[in-house]
1. Can you name the residue in the stretch 34-47 that is near ligand 2 (Cβ under 8 Å from one of its atoms) and of a type outside the set (Gly, Ala, Ser) and, of all such residues, is modelled with the highest pLDDT?
2. Give me the residue from the stretch 17-49 that is free of Cβ contacts under 8 Å to residues at least 40 places away in the same chain and of a type in the set (A, V, I, L, M, F, W, C) and, out of that set, farthest from residue 63 (Cα to Cα).
3. Being part of a helix (DSSP H, G or I) and basic (Lys, Arg) is the requirement here; does residue 249 meet it?
4. Any residue at all in the stretch 224-238 that is part of a helix (DSSP H, G or I) and not hydrophobic (A, V, I, L, M, F, W, C)?
5. Select from the stretch 42-78 the residues that are hydrophobic (A, V, I, L, M, F, W, C) and in a loop (DSSP other than H, G, I, E, B) and list them in ascending order.
6. Please pick out the residue among 156, 171 that is in contact (Cβ under 8 Å) with a residue 40 or more places away in the chain, within 11 Å of residue 103 (Cβ to Cβ) and not charged (D, E, K, R).
7. Exactly one of (1) at pLDDT 85 or above; (2) exposed (fewer than 14 other Cβ atoms within 10 Å of the Cβ) is unmet by residue 200. Its number?
Amino acid sequence: ERAEADMLRVSNLEKRFGGIVAVDGASFEIERGTITGLIGPNGAGKSTVFNLITGVYNPDAGRVIFEGEDVTGLRPYQLVDRGLVRTFQISRELSGMTVLENMLLAFDDQLGESLWRTVVPGVRRSIVEQERALLERVWETLELFEIDHLAHEDAANLSGGQRKLLELSRALLTDPEMLLLDEPMAGVNPTLEKKLLERIHELRSQGYTFLLVEHDMDVIMNNCETVIVMHQGRVLSRGSPEEIQADERVIEAYLGG
Ligand code: ADP
Ligand code: MG
């Protein structure tokens with residue numbers, strides 16, 4: 001019964017870099033349809049856990065179970081196929097492309113490639129129904145995030161916040177079940193932050209599951225139903241924002257105790 005409610009379970013994850021133990025036996029569960037925050041002081045192991053879950057690194061020990069299946073050691077694209085997707089900061093090579101072109105990158109299959117050709121100037125192809133539907137979906141998603149007016153803008157010209165919206169829009173096109181967001185609010189102005197959070201809550205109410213690594217405590221405490229606190233490579237505490245804020249061990253960890 002419990003396993004079914006869990007979207008993701010990590011157990012006894014370990015990762016060492018040379019002599020450094022970055023993750024030292026971390027275990028936690030993420031419930032389906034929730035927004036969970038992953039926090040902890042610098043060096044606690046949050047980014048490494050994120051990278052272990054999303055297949056960027058292989059763990060030295062431990063398991064990653066996604067929707068009841070062992071996905072430990074799968075590559076990031078294999079996890080995307082299964083519905084586990086993460087956002088990155090938009091990498092540099094994607095600038096020089098428009099917002100629309102960036103969105104089309106989400107479709108990395110044949111269909112996507114032929115769809116791609118339809119928007120490259122000078123190449124004329126008939127658009128089959130399926131392609132038309134995909135393109136419509138791209139536009140709907142851009143509209144949902146209110147960045148449709150930027151469709152033909154070079155992604156390099158977007159503000160930090162607009163890039164985050166683009167990243168999330170693009171992630172959604174891969175039909176994810178769960179999204180891991182890496183500091184989604186970093187560099188985002190208050191207006192866009194509000195918009196981004198509203199979208200995240202809407203998506204959560206539609207059944208999407210979120211794990212946020214975020215430095216902004218207000219964002220975590222006001223938006224997550226569950227907070228996981230890491231310290232020295234392990235899970236120090238897990239609970240509601242109220243429980244976490246009242247936890248002496250958490251306060252101590254942040255004060256450097
Ligand atoms: P956090 O994201 O919580 O700040 P990290 O997961 O980035 O923590 O890092 C945890 C520990 O592992 C730190 O001591 C960090 O210096 C170390 N570490 C992380 N990534 C690497 C790496 N690629 N090579 C060597 N050490 C690393
Ligand atoms: Mg980090």
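1. In this case the residue turns out to be 46.
2. Within the stretch 17-49, the match that is farthest from residue 63 (Cα to Cα) is 20.
3. So residue 249 fits the description; yes.
4. no
5. Hits for the stretch 42-78 are 44, 56, 71, 74.
6. None of the others qualify; the one that does is 171.
7. Every condition holds for residue 200 apart from (2).
The values are calculated or read from the model by the stated rules, or taken from the named source; none is laboratory data. A quick note: this is a predicted structure, and the numbers were derived from the prediction, not measured. Heads up, the Cβs are rebuilt from the backbone with ideal geometry, glycines too, and the neighbour counts pull from every protein chain shown.
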